[in-house]
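S.K.: The structure is given below, and queries will be raised subsequently.
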Amino acid sequence: MTEYQMIDSRDTVYRDGTIKLHNEEGFEGMRRAGKLAASILDELTTMVEPGVTTAALDDKVREMTLDGGAVPATMGYRGYAHSCCISINHVICHGIPSEKALKEGDIVNIDVTPLLDGWHGDTSRMYFVGEPSIKAKRLVDVTYECLMLGIEAAQPGANLGDIGAAIEAHARQYRYGIVREFCGHGLGRLFHDAPEVIHAARAGTGPVLKPGMFFTIEPMINLGKPHAKLLNDGWTAVTRDKSLSAQFEHSIGITETGNEIFTASEKGLHQPPYR
Ligand code: MF3
Ligand code: CO
Ligand code: CO
């Protein structure tokens, strides 16, 4: 059974399995955090090119996050020590920034989560390093479409499973693998909260979406099989078959009439190529 909990921004919020329903103050907080998150990804569009290390990108993310009056929520999160996740080619998610340099033809996901005045803005986009292959570009385009179709399905009165059903129907047309090991999540004052947003689901299943719910949608789509494998570093998730993987993520809020995307790019830099 699903339990909902109306929360006031002054309440202490626990990870107790309840779905939080936020008020206007929550929407305002998420708008500010989401806007900062999107502007960080906007800025990175000119930095992503062959030769740049993922550590340099991580430094830039940290600098912009702090300049924006926020802190990277990932720093110190369950022992994670970086300001963002950077996932290259067959890395599905949670790639750790390092001295490894990007190279021509790579496709890269950068995932940032500034924590601003108590609210989490969680978003990621794909970037092309130089010119991607036709196959890679199609995967990235379709993954972006999957995210946006999922968001369209996130309507008040709909079921959570309608989101995964919309994503699955689209990805299936291309015979892509939808990753099951990682999900979207409720967020707000907490980074990861209920509900779990599954990216391959049956329509009409799961909790009913209600105004005031905040969660991410973040489909991870593989060119090959859906299966993930965790590397020995305890973070990096890769495709088992080493096929390419793509992901986009937005943080959204359910409203009386639809939804609001907190992490939309104000510059229109939604998907690559960015120049
Ligand atoms: N930003 C990721 C998400 O979308 C979570 C990263 S947690 C980390 O949920 F510790 F790996 F950074
Ligand atoms: Co997320
Ligand atoms: Co994220």
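S.K.: Look through GLY224, GLY206 and report the one residue that is at pLDDT 95 or above and touching a Leu at 6+ places or on another chain (Cβ under 6 Å). Give the derivation first.
M.R.: Details: GLY224 fails: touching a Leu at 6+ places or on another chain (Cβ under 6 Å).
The conditions single out GLY206.
S.K.: Taking into account only those residues within segment 191-210 that are of a type in the set (A, V, I, L, M) and under 18 Å from ILE178 (Cβ atoms), which is nearest to ligand 2 (Cβ to nearest atom)?
M.R.: Narrowing segment 191-210 to residues of a type in the set (A, V, I, L, M): 194, 197-198, 200-201, 203, 208-209.
Right, trim to under 18 Å from ILE178 (Cβ atoms) and you get 197-198, 200-201, 203.
Numbers: VAL197: 9, ILE198: 13, ALA200: 17, ALA201: 17, ALA203: 23 Å.
Per the stated criteria, the residue is VAL197.
S.K.: Say we look at segment 110-140 and pick out the residues that are closer than 21 Å to LEU190 by Cα and aliphatic (A, V, I, L, M); which of these is nearest to ligand 3 (Cβ to nearest atom)? First the steps, then the outcome.
M.R.: As a first pass, look at segment 110-140 and keep what is closer than 21 Å to LEU190 by Cα: 110-124.
Checking the rest, the ones that are also aliphatic (A, V, I, L, M) come to 110, 112, 115-116.
Working: ILE110: 10, VAL112: 7, LEU115: 12, LEU116: 15 Å.
So the residue we want is VAL112.
S.K.: When both residues are 6+ apart or on different chains and their Cβ atoms are under 7 Å apart, which pairs have a first residue that lies in segment 223-250 and is on the phi > 0 side of the Ramachandran plot, and a second that is open to solvent by less than 70 Å² (accessible area, probe 1.4 Å)?
M.R.: LYS242/HIS90
S.K.: While we're here: Is it the case that THR123 is among the polar types (S, T, N, Q), within 10 Å of ligand 1 (Cβ to nearest atom) and touching a helix residue (DSSP H, G or I) at 6+ places or on another chain (Cβ under 6 Å)? Write out each step before concluding.
M.R.: Working: among the polar types (S, T, N, Q): yes; within 10 Å of ligand 1 (Cβ to nearest atom): yes; touching a helix residue (DSSP H, G or I) at 6+ places or on another chain (Cβ under 6 Å): yes.
Yes.
S.K.: Is it the case that segment 125-136 has a residue that's of a type in the set (Gly, Ala, Ser), closer than 17 Å to ILE254 by Cβ and open to solvent by 30 Å² or more (accessible area, probe 1.4 Å)?
M.R.: Initial filter on segment 125-136 (of a type in the set (Gly, Ala, Ser)): 130, 133, 136.
Now narrow it down to the ones that are closer than 17 Å to ILE254 by Cβ: none.
So far as segment 125-136 goes, no, none of its residues is of a type in the set (Gly, Ala, Ser), closer than 17 Å to ILE254 by Cβ and open to solvent by 30 Å² or more (accessible area, probe 1.4 Å).
S.K.: Six or more apart or on different chains, Cβ atoms under 9 Å: show the pairs whose first residue is in segment 11-25 and without any contact (Cβ under 8 Å) to a residue 24 or more places away in the chain and whose second is assigned to a helix (DSSP H, G or I) and open to solvent by less than 50 Å² (accessible area, probe 1.4 Å).
M.R.: none
S.K.: Filter segment 66-109 down to the residues that are open to solvent by 10 Å² or more (accessible area, probe 1.4 Å), under 28 Å from ARG189 (Cα atoms) and out of contact with any Ser or Thr (no Cβ under 8 Å at 6 or more places or on another chain) and list them by number.
M.R.: Listed by number, the residues that qualify are LEU66, ASP67, GLY69, GLY76, TYR77, ARG78, GLY79, ALA81.
The values are calculated or read from the model by the stated rules, or taken from the named source; none is laboratory data. This one's a predicted model, so the numbers in the text were calculated from it and none came from an experiment. A quick note on method: Cβ atoms are made from the backbone with ideal geometry, for glycine too, and the neighbour counts reach across all protein chains shown. The area values use the complete protein model at the heavy-atom level, side chains included, leaving out ligands, DNA and RNA. Shrake-Rupley method; radii C 1.70, N 1.55, O 1.52, S 1.80 Å.
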